[in-house]
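Here the structure comes first, spelled out in structure tokens, and everything after it is commentary.
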Amino acid sequence: MILMAALVRLRVRTIAIIGLAIITLHNALLPPLISAVPALGDLWKILYIGFFNGPVDGTPLIVLYSIIPWIGVMAAGYAFGTILTLDPARRNRTCSAPRTRRHRALPGPAGFNLYGDPRPWSANAADAGVPLIPQHDEIPGVAQFLLMTLGPTIALIPLLDRARGPIANWLAIFGRVPFFYYVLHIPLIHALALLVSKIRLGEVSPWLFTNHPVGNPPAPDGYTWSLGLLYLVWAVAILVLYFPCRWYANFKSRRQDWWLKYL
């Protein structure tokens, strides 16, 4: 976000070129650079590699979102905002036009392990009788992960643009205050996890205080939630957060304070 504060001073077309160039090329160019300039050492973990390589040696620092790949996504998203300001008909045509090409592009490089994902397909799952699928990693932002997430999201815009009714209005509240929701959901989810642990185990598991969300050890035996319980807690979190988000959205619509644009 700090880097975007500098990039937004450029022309939108320049920002789009920077963002798309990083998304398209970083999987090819960055790994050789890391090998070619090993003197940068741990700095690569901050700029590119990401948290899954563990804490930076000698410090407790863990990089959750590596800078280089994700600044590309942010820059492209900022430029994409100009499309969302077009008149509805033109905006929907623009979002729908590349839909087929985008989805056709996904299985090609993924299926042949050609490009876009540092972790190739594995045959071990097929040996166990499980359908063979690629493993897409979100960190750093590999090209195939972005194709299968941002692509369908863009394709849905023309459909969601026509959505009306109470459910659409309900969901729109979260879209009006996304960062406010993001800030609140982290402590709420942790609080709900403490409550569920107390109900299921009779105590709050010490595991819940072991450097979440990225440096924690494996969950203890018997702690793992079922998928049904996971969705139930998710639904409770969404319902609880609707009310403060609705209040803040209304508050933000009535006020013009400078600090409101940051939350």
For Ile17, are the conditions met, namely being out of contact with any Ser or Thr (no Cβ under 9 Å at 6 or more places or on another chain), modelled with pLDDT of 75 or more, under 27 Å from Leu147 (Cα atoms) and of a type in the set (A, V, I, L, M, F, W, C)? yes
Out of the residues in the range 31-48 that are over 14 Å from Ile67 (Cα atoms) and among the hydrophobic types (A, V, I, L, M, F, W, C), which is most open to solvent (accessible area, probe 1.4 Å)? Ala39
How many of the residues making up the range 156-180 are open to solvent by less than 70 Å² (accessible area, probe 1.4 Å) and outside any helix (DSSP H, G or I)? 4
Do we find that Asn211 is modelled with pLDDT under 85, open to solvent by 80 Å² or more (accessible area, probe 1.4 Å) and over 20 Å from the mean Cα position of the chain (by Cα) in this structure? yes
Every listed condition ((1) open to solvent by 50 Å² or more (accessible area, probe 1.4 Å); (2) out of contact with any Gly (no Cβ under 9 Å at 6 or more places or on another chain)) holds for Pro244 save (1)
Please tell me if Val183 is touching a residue at least 40 places away in the same chain (Cβ under 8 Å) and open to solvent by less than 30 Å² (accessible area, probe 1.4 Å). no
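To keep it simple, each residue is scored yes or no on (1) touching a residue at least 40 places away in the same chain (Cβ under 8 Å); (2) in contact with a Ser or Thr (Cβ under 7 Å, 6 or more places away or on another chain); (3) β-branched (Val, Ile, Thr).
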position: Leu188; (1), (2), (3): yes, no, no
position: Ala191; (1), (2), (3): no, no, no
position: Leu194; (1), (2), (3): no, no, no
position: Arg200; (1), (2), (3): no, no, no
position: Pro217; (1), (2), (3): no, yes, no
position: Trp234; (1), (2), (3): no, no, no
position: Phe243; (1), (2), (3): no, no, no
position: Asn250; (1), (2), (3): no, no, no
position: Leu263; (1), (2), (3): yes, no, no
Test: residue in the range 128-144 that is open to solvent by 70 Å² or more (accessible area, probe 1.4 Å), of a type in the set (Val, Ile, Thr), modelled with pLDDT under 85 and more than 17 Å from the chain's Cα centre (by Cα): yes
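The values are calculated or read from the model by the stated rules, or taken from the named source; none is laboratory data. Since we're looking at a predicted model, the values are computed, not measured. Note that we place each Cβ from the backbone using ideal geometry, even for glycine, and neighbour counts take in every protein chain shown. Each accessible area value is taken on the protein alone, full model and side chains, heavy atoms only, with ligands, DNA and RNA left out. Shrake-Rupley method; radii C 1.70, N 1.55, O 1.52, S 1.80 Å.
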